[in-house]
Amino acid sequence: MITLANPGWAGPALGLLAVGALVTFLSYRRTGHWGAAGLKLLAFTLVALCLVEPSWSTERARPGANVLAVVVDASRSMRLAGRDDLVRETLKGSWLNKLGGSFQLRRYLFDARLRRSSDFTDLTFDGEASDLGSALSELADRNRGAPLAGIVVLSDGNATDVPRPAGLPPVHVVAISGRAAPPDLSLAEVAVTETAFEDAPVTVLARVEASDHARSQARVELLDAAGVVVKSEPLSFTKDEESVSVRLRFKPPKPGVAFYTVRVTGAKDEATLANNTRVAMVRRPRGPYRVLYVGGRPDWELKFLRRAMDDDAEVQLVGLVRIAHREPRFAFRGRSGESSNPLFRGFGRPDDEAERHDQPVLVRMGTRDDAELRDGFPTTPDGLYGFHALVLDGVEAGFFTADQQTLVEHFVTERGGGLAMLGGPGSFRHGHYERTPIGQVLPVHLEAAAGAAPAGRLELTREGWLEPWLRLRDNEAAERQRLETTPPFRFVNRVGDPKPGATMLATLRPDKGDPLPAIVSHRVGAGRAVAITIGDLWRWGLRSPQAGADLGKLWRQTVRYLVSDVPERVAVRVAGKQVSVRVRDSAYKAADDAQVTLELTAPDGRKTSLPAEPSAAERGLYDVQLASTGSGGHHIAVKVTRPGEPKPLEAESGFVNDRDADEHRTVRANPEALAALAAATGGEVITDLDRFAERLPARKAPVSDTETRPLWSLWPMFAAAMAAFLGEWWLRRTRGLT
């Protein structure tokens, strides 16, 4: 940076420059030799500049006042391709001594943790992870308030976490690549997805990366806890560098948390076998899921639904079916003073317990005890919130009181339950649900004119094809053939268009006219609601035994879809090393008066009891910070006790710690990731360490000294002015100018 040591002479300097410019212009305006004029003007400018005494100011790191951290990757992956030998050779260079002359050097090693090193002689490359992001963040925290000028990182770039550049000083990187990567097969990623698809409710997606395995064969296997192969799929590679994904679909034998091993085999002479296996956690929530069916009359739909649920051990279907409407008040006057309904004569029920003439006659099915639903549809959250889903079939809005309708709305939006309305008589517009709380949570508008809809065949929409719970076959061709064999449905409740955010999954296409909504779904509040406008799905089940089995499967998958995301009173979430437990009371409000205990079971069977502390961020949330854990699947059992609760609430979860597989995910170095980190923090990629050690003290540092060198007194300034005057004189002489 140029500064003026004598700015008070700026006025005379400008005057001198103006006079020189005027004299030069007058001297050359007739001849037009502006090259010579330019040299004379340059000479006057340099002389005028000397009057203000220009100086060149630079900042340089004060010797010994700033901290420079040198961080070396000590993980096991550095043993691949001779990177460990390259690191040791690099650390023997003179660049460390050069940096030590200008900075306070602090040496660190990192793998799963960050630690100090005196001279790097304790470098053994046996760490189980490369947590570069955590190491850099911890390093910045340790030196908070200290003049940390930068960080020098020696690594292969394969971090097992994600570095966050925010808050870091300049990070200068040395990419350690080593020799060419040897052939290797790597199980780079394993993801688990669970669906309501009955034939394969769990899908394990395994992504395999190959290095120098062109035209070779391999196999991906899924093993249970006993080491038995559950699923196996072959795979082949056609290129030297290729990534292939394999889907393994299977049905776990029982619910709960289970750990499976995914491995890839078939390669020879691999660089390492540490990346050939990974552990996958499968969590099939335990039942029973309780579903309340409310029907306006006994019909065939209930028969097929009950038959389907009998084959699902995790779902309990509870029925509340009206077999007789309440009678108008004038219809039972004068019956010898009898107030109870004559349908109950001979059953030995007292008059005060039997339904009266002005009450509907209801039949209960599948209740847990004699008291459940004795008074009909629940009127309080405690009575309804114990269910996970609610199915309304052919029951009109007038069946419910205003408070019960509001309770159903809260059941979906606040409790997070599932609601399905079937297309029987008395549903949707026929049941006068428009402008009611229940109608508000339905995924379709009900303002369209009610009326008979023509018969039509069921067709899946583009979105419907993407929903596994609507598919009954394992391939598209078979599914299309199945849809073609379904009969035309004759009873359809006509509804309006889907609401904003709702998804039309299936339509009913009549012989003439536009398709009608058949199955529509949407998320509303914390729950979801489904509208099935067809009122005679049972007709499909009567065609053949196979059709009956298909209808039962559709009902089971539909119910599974309704209950799949319904929250429980205790929910467990694992994020990194933190376990969060969310506790709700019986009304599904946040409970902050609970005592939460976790039992952590390690892969070797050791059990550890950990108390959870209430979170300061949110009511009803309890946190546990885990220490470092070994590799493998870890099971978490949660027990929650609350005042007034008769017995503790329980939940389970787990997590997988695949440190070794993550560490050896790939045998190739990743210099691109290091370059991106350096660019994001203002650092540089170092290719010449000795030159870097010489240049770094001249960069900006927290503690710097300013060096000022006067330019006006230097001989180059005088020589330049004399050269300009002599050049102008030489041009005048050689060109005959006077």
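The values are calculated or read from the model by the stated rules, or taken from the named source; none is laboratory data. Predicted model only: the values in this text are computed from it and were never measured. Cβ placement follows ideal geometry from the backbone for every residue including glycine, while neighbour counts extend to all protein chains displayed. Heavy atoms of the whole protein, side chains included, go into the accessibility calculation; ligands, DNA and RNA do not. Shrake-Rupley method; radii C 1.70, N 1.55, O 1.52, S 1.80 Å.
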Quick one: 3J(HN,Hα) in Hz for segment 533-540, Karplus 6.51/-1.76/1.60 with θ = phi - 60°, rounded, Gly and Pro as x.
7, 6, x, 9, 4, 4, 4, 5
Suppose accessible area is computed on protein heavy atoms with a 1.4 Å probe; arrange LYS589, LYS231 from highest to lowest.
LYS589, LYS231
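Excluding ligands, DNA and RNA, what is the solvent-accessible area per residue of segment 242-304 at a probe of 1.4 Å, expressed in Å²? The partial results should precede the final answer.
Working: 3030 Å² over 63 residues.
I get 48 Å² per residue for segment 242-304.
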With every protein chain present, what accessible area does TRP469 have (1.4 Å probe, heavy atoms only), rounded to the nearest 10 Å²?
10
What is the set of long-range amide H partners of THR160 at a cut-off below 5 Å, with H atoms built 1.01 Å from backbone N?
SER130, ASP131, LEU132
Residues ALA200 and ASP565, FRET efficiency given R0 of 22 Å [Cβ-Cβ distance, rounded to 0.05]:
0.70
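Computed from the mean reciprocal separation of all distinct C-alpha pairs, what Kirkwood hydrodynamic radius does segment 252-329 have, in Å?
On the way: mean 1/r = 0.0577 Å⁻¹.
About 17.3 Å for segment 252-329.
Using only the Cα atoms of segment 67-136, build the gyration tensor, take square roots of its eigenvalues as a ≥ b ≥ c, and label the shape rounded, prolate or oblate: rounded if a/c is under 1.5, else prolate if a/b is larger than b/c, else oblate. Please report the intermediate quantities before stating the final value.
Details: a/c = 2.39, a/b = 1.36, b/c = 1.76.
Oblate, since a/c reaches 1.5 and b/c is not below a/b.
Let's test the formula: R0 of 51 Å, r as the Cβ-Cβ distance of LEU14 and GLU59. What FRET efficiency results, to the nearest 0.05?
Values: r = 30 Å, r/R0 = 0.58.
Once rounded, the FRET efficiency stands at 0.95.
Expressed in nm to one decimal, what extension gain is obtained for the pair GLN595 and ARG247 from 0.36 nm per residue of sequence separation less their Cα-Cα distance?
Details: separation 348, 0.36 × 348 = 125.28 nm, distance 4.11 nm.
So the chain would gain 121.2 nm between GLN595 and ARG247.
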Relative contact order (%) - segment 221-290, alpha-carbon pairs under 8 angstrom, separation at least six:
32
Label point distance in nm, THR608-LEU483, each placed 7 Å from Cα along Cα→Cβ:
5.2
Residue by residue through segment 667-680, what is 3J(HN,Hα) from phi via Karplus (6.51 cos²θ - 1.76 cosθ + 1.60, θ = phi - 60°)? Round to whole Hz and write x for glycine and proline.
8, 8, 6, 10, x, 5, 5, 5, 5, 5, 5, 5, 5, 6
Compute the distribution of all C-alpha to C-alpha distances in segment 471-527, in bins of 5 Å from 0, and list the percent of pairs in each, rounded to whole numbers.
4, 15, 20, 21, 18, 14, 7, 1
For LEU626, what accessible area in Å² do you get when you roll a 1.4 Å probe over the heavy atoms of the protein chains, rounding to the nearest 10?
20
Order ASP690, ASP161, most accessible first, counting only protein heavy atoms with a 1.4 angstrom probe.
ASP690, ASP161
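Which whole-number percentage describes the relative contact order of segment 89-158, with Cα contacts under 8 Å and a sequence gap of 6 or more?
Numbers: 40 pairs, mean separation 15.4, N = 70.
22 percent.
Let's test the formula: R0 of 56 Å, r as the Cβ-Cβ distance of SER117 and GLU414. What FRET efficiency results, to the nearest 0.05?
Details: r = 56 Å, r/R0 = 0.99.
Efficiency, rounded to the nearest 0.05: 0.50.
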Given labels modelled 7 Å from the Cα in the Cβ direction, how far is it in nm from LYS647 to THR734?
10.9
If the limit is 28 Å between Cα atoms, which of LYS231/LYS268; LYS589/LYS647; LYS303/LYS639; LYS98/LYS700 go over it?
LYS303/LYS639
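Tell me, what % of the accessible area of segment 83-207 is carbon and sulfur with a 1.4 angstrom probe? Please list the in-between numbers first.
Details: 2450 of 5160 Å².
With neighbouring chains kept in place, the figure for segment 83-207 is 48 percent.
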Quote the accessible area belonging to PHE250 in square angstrom, nearest 10, computed with a 1.4 Å probe and with ligands, DNA and RNA left uncounted.
10
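If you place +1 on the Cβ of every Lys and Arg, -1 on the Cβ of every Asp and Glu, and leave all else neutral, what size is the dipole of segment 589-679 about its Cα centre, to the nearest 20 Debye? It would help to have the intermediate numbers written out before the result.
Values: 10 positive and 15 negative charges, 25 e Å.
Charge dipole, segment 589-679, about its Cα centre: 120 debye, nearest 20.
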What list of ³J(HN,Hα) values in whole Hz, one per residue of segment 177-192 in order, does the Karplus curve 6.51 cos²θ - 1.76 cosθ + 1.60 (θ = phi - 60°) give from phi, with Gly and Pro shown as x?
9, x, 6, 4, 5, x, x, 6, 10, 10, 7, 5, 7, 9, 10, 10
If each residue of separation counts as 0.36 nm, what is the full-extension length gain between ASP126 and ASP141 once their alpha-carbon separation is subtracted?
2.9 nm
